[in-house]
Amino acid sequence: QVEPRTLAMLRGLLRQLHATFTRLVSSAQGLPSSVQEAAGQVQHGVENVQASLAQVHSFQELSGLVLAQSRETMARAQSNIDELLEYVGQHAPVPWLVGPFAPALVEYPEDVPVEMAKWEGCITVG
């Protein structure tokens, strides 16, 4: 009972990881080619692990080689994620990471009374 549920959970995690790397590969266009290639390699490796686990019903059906390759793929994925985060942390502009810090622009008609305390700190255009 535990083993089939564990395999199902592992397959679900691999689907999520694959979806994440698919989005990462598609949105990494502005990053260096080495980062793009690493993300693509991990995506391909996750696909291989998914294929290995797709048809098995127990861990005994998996060879030691498949398990070792799967472990290596996941370790490479972790390493590539760490490298990507390090690169983004060192090279991405701060507003890209946390958003712009510009004052809000508020427009309102001149003939409508506005409670100014509500808009304190905002720049008004009118």
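Values computed for the structure shown
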| item | result |
| --- | --- |
| Search result, residues across region 42-54 that are within 19 Å of the chain's Cα centre (by Cα) and either open to solvent by 40 Å² or more (accessible area, probe 1.4 Å) or in contact (Cβ under 8 Å) with a residue 40 or more places away in the chain (or both) | His44, Glu47, Gln50 |
| Number of positions in region 55-91 that are more than 18 Å from the chain's Cα centre (by Cα), hydroxyl-bearing (Ser, Thr, Tyr) and either open to solvent by 40 Å² or more (accessible area, probe 1.4 Å) or within 30 Å of Ser33 (Cβ to Cβ) (or both) | 2 |
| Whichever residue in region 29-41 is of a type in the set (A, V, I, L, M) and closer than 27 Å to Ala54 by Cβ and, among such residues, is surrounded by the fewest Cβ atoms within 10 Å (Cβ to Cβ) | Ala38 |
| Candidates Leu7, Leu13, filtered to the one that is out of contact with any Leu (no Cβ under 8 Å at 6 or more places or on another chain) and of a type in the set (A, V, I, L, M, F, W, C) | Leu13 |
| Residue check for Ala92: at pLDDT below 85, over 18 Å from Leu13 (Cβ atoms) and touching a Cys at 6+ places or on another chain (Cβ under 9 Å) | no |
| Extreme residue, farthest from Gly45 (Cα to Cα), among residues of region 12-28 that are open to solvent by less than 60 Å² (accessible area, probe 1.4 Å) and more than 13 Å from the chain's Cα centre (by Cα) | Gly12 |
| Test: residue in region 53-72 that is out of contact with any Gly (no Cβ under 9 Å at 6 or more places or on another chain) and among the aromatic types (Phe, Trp, Tyr) | yes |
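The values are calculated or read from the model by the stated rules, or taken from the named source; none is laboratory data. Bear in mind that the values here come from a model prediction, so they are computed numbers and not experimental data. Here the Cβ is made from the backbone with ideal geometry for all residues, glycine too, and neighbour counts use every protein chain on show. When the accessible area is computed, the model is the full protein with side chains, heavy atoms only, and any ligands, DNA or RNA have been set aside. Shrake-Rupley method; radii C 1.70, N 1.55, O 1.52, S 1.80 Å.
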